[in-house]
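> Right, I'll just put the structure down here and ask away after.
The values are calculated or read from the model by the stated rules, or taken from the named source; none is laboratory data. Quick caveat, the model's predicted, so the values are computed rather than measured. Positions of Cβ are backbone-derived with ideal geometry, glycine not excepted, and every protein chain shown enters the neighbour counts. For the accessible areas, the whole protein counts, side chains as well, though only heavy atoms, and no ligand, DNA or RNA atoms are used. Shrake-Rupley method; radii C 1.70, N 1.55, O 1.52, S 1.80 Å.
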Amino acid sequence: MTEFSRNATASGTLYVVATPIGNLSDISTRAITILGQVDRIVAEDTRHSRKLMQHYAIATPLSALHEHNERELAPQLVEQLGGGRSLAIISDAGTPLISDPGFNLVRLAREAGVRVVPVPGPSALICALSVSGLPTDRFAFEGFLPAKSAARRARIDRLRSEPRTLIFYESSHRIVDSLSDMAAGFGAMRQAVLARELTKQFETVHGDALGPLAEWVENDPNQQKGEMVVLVAGAAQPEEGAVTDKAEQMLVVLLEELPIKQAAKLTARMTGINKRALYDRALQLKQ
Ligand code: SAM
């Protein structure tokens, strides 16, 4: 482990600093030191971040960097970094750039050869995953689903066979519609978890199949309040060697033109599934 130094910041460096997602104590001592020592902090919403600064008596000047000014401001900030100033970027909550501004700044800074240093801390997605009880070995973070229902359903449809645990951010005013679309798209029996108001007074982590979960949230207005993460179990994988839906579709098409033996052989070559299993399935399909 590297020792923590009192003079923690270096000139010409951009620090990407994670801040709490609700509980003000969830910030590292290193983050507090760095925020106190850099020449300037860029924050998504300066009024919001001022509360954190006041709580930790940090007097570093703050300026705003949000989705509306990031493209214009990022080159100027990179110029300042090139001139030897040190900057820290923070967002309203959690880790900057994770469904938050900062991507343009970090990309430009790295392209310009500026040192970009992570100062890790909370992120709602990892916090939620760690208590969800769903598989954590492989997961896919999907950010926010589209706001419009048709686009949201189409996205869910594309994710239907994803085997990894899926993690979504959702807002309180869309949670009922989103859960209902998820239950329709992933199936009402698919396991899911709603992680709401993490690290705050009304923290709730509730797991159930998507159908009952959607109903529970719809019937209880309290569950529709605050900030929330939805986690959905990945699609169950067919047993190794089993004939998948896709392989069966291929067989059906090939059987229109070819004898059973050849259709099974070609499908086996394309899918890697056992030829004998495909032959047996083709026989059943022919009957
Ligand atoms: N950068 C943040 C992070 O690292 O988690 C995420 C910012 S994103 C704009 C805000 C979304 O994160 C919320 O709509 C919610 O989905 C999730 N979120 C943030 N804080 C949360 C909390 N305390 N409990 C549950 N979800 C939270």
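> Need one value: the accessible area of residue 66 in square angstrom, 1.4 angstrom probe, rounded to the nearest 10.
It works out to around 60 Å².
> Keeping the other protein chains in place, figure out the carbon and sulfur percent of the accessible area of the chain, with a 1.4 Å probe.
On the chain, the fraction of accessible area on carbon and sulfur atoms equals 49 percent.
> Moving to a separate point now. Could you tell me how many cubic angstrom of Cα convex hull volume segment 1-157 has per residue? All intermediate terms of the calculation are to be shown ahead of the outcome.
On the way: hull volume 24.6 nm³, N = 157.
Considering the Cα atoms of segment 1-157, their hull volume per residue is 157 Å³.
> Please state, to two decimals, what the Cα-based radius of gyration of segment 245-286 comes to when divided by 2.2 N^0.38 Å (N = residues).
0.92
> Angle between the Cα long axis of helix 175-186 and the longest principal axis of the chain, 0 to 90 degrees, nearest 10?
Long axis of 175-186 versus the principal axis of the chain: about 30 degrees.
> Still on this structure, please answer the following. Largest first, what is the accessible-area ranking of 56, 169 with a 1.4 Å probe? Can you show the working numbers first?
Working: 56 60, 169 25 Å².
Ranking 56, 169 by accessible area, largest first, yields 56, 169.
> Name the residue, out of 36, 22, 241, whose mean-square fluctuation peaks in a Gaussian network model built on the chain with Cα pairs under 10 Å.
Fluctuation is largest for 241.
> Here's something else I'd like to know. Accessible area per residue, 1.4 Å probe, Å², for segment 13-122: what's the number? Could the numbers behind the result be given before it?
Details: 5330 Å² over 110 residues.
Normalised by residue count, the accessible surface of segment 13-122 is 48 Å².
> Another question about this same structure. Averaged per residue, what accessible area in Å² does segment 125-232 show with a 1.4 Å probe, protein chains only?
Values: 5370 Å² over 108 residues.
Each residue of segment 125-232 exposes 50 Å² on average to a 1.4 Å probe.
> Remind me, relative contact order of the chain in percent, using alpha carbon pairs under 8 angstrom and six or more residues apart?
Worked out over the chain, it gives 16 percent.
> State whether segment 1-92 is rounded, prolate or oblate according to the following rule on the C-alpha gyration tensor (a ≥ b ≥ c being the square roots of its eigenvalues): a/c under 1.5 gives rounded; otherwise a/b larger than b/c gives prolate, and the remaining case gives oblate.
Values: a/c = 1.96, a/b = 1.13, b/c = 1.74.
Oblate shape, in that a/c is at least 1.5 and b/c is the bigger or equal ratio.
> Oh, and also: Taking the Cα atoms only, what angle lies between the long axis of helix 210-219 and the longest principal axis of the chain, rounded to 10 degrees?
Between helix and principal axis, roughly 50 degrees.
> Oh, and also: Which is the longest run of the chain containing none of the trypsin sites (Lys or Arg not before Pro) found in DSSP loop states (not H, G, I, E, B) with at most 10 other C-beta atoms within 10 Å?
149-287
> Here's another thing I want to ask about it. State which entries of 51/148; 246/275; 261/286 exceed 22 angstrom in Cα-Cα distance in the structure shown.
Check vs 22 Å cut-off fails for 51/148.
> Averaged per residue, what accessible surface does segment 244-287 expose to a 1.4 Å probe, in Å²?
On a per-residue basis, 72 Å².
> If amide H atoms are built 1.01 Å from N in the plane of the peptide, which residues on other chains or at least 5 residues away come under 5 Å of the amide H of residue 94?
19, 21
> OK, next. With everything on Cα atoms, drop me the angle between helix 46-55 and the longest principal axis of the chain, reported from 0 to 90° to the nearest 10.
Here the helix axis deviates by roughly 70 degrees.
> Kindly provide the chymotrypsin sites (Phe, Trp or Tyr not before Pro) of segment 202-287 that DSSP labels as loop, not H, G, I, E or B, and whose Cβ sees at most 13 other Cβ atoms within 10 Å. Before the final figure, lay out the partial values.
Values: sites: 202, 216, 279; in loops: 202.
Listed in order of number, the matching sites are 202.
> Sticking with this one: Mind giving me the nanometre distance, one decimal, between the label points for residue 235 and residue 218, set 7 Å out from Cα along Cα→Cβ?
Placing both labels 7 Å beyond Cα along the Cβ direction yields 2.5 nm.
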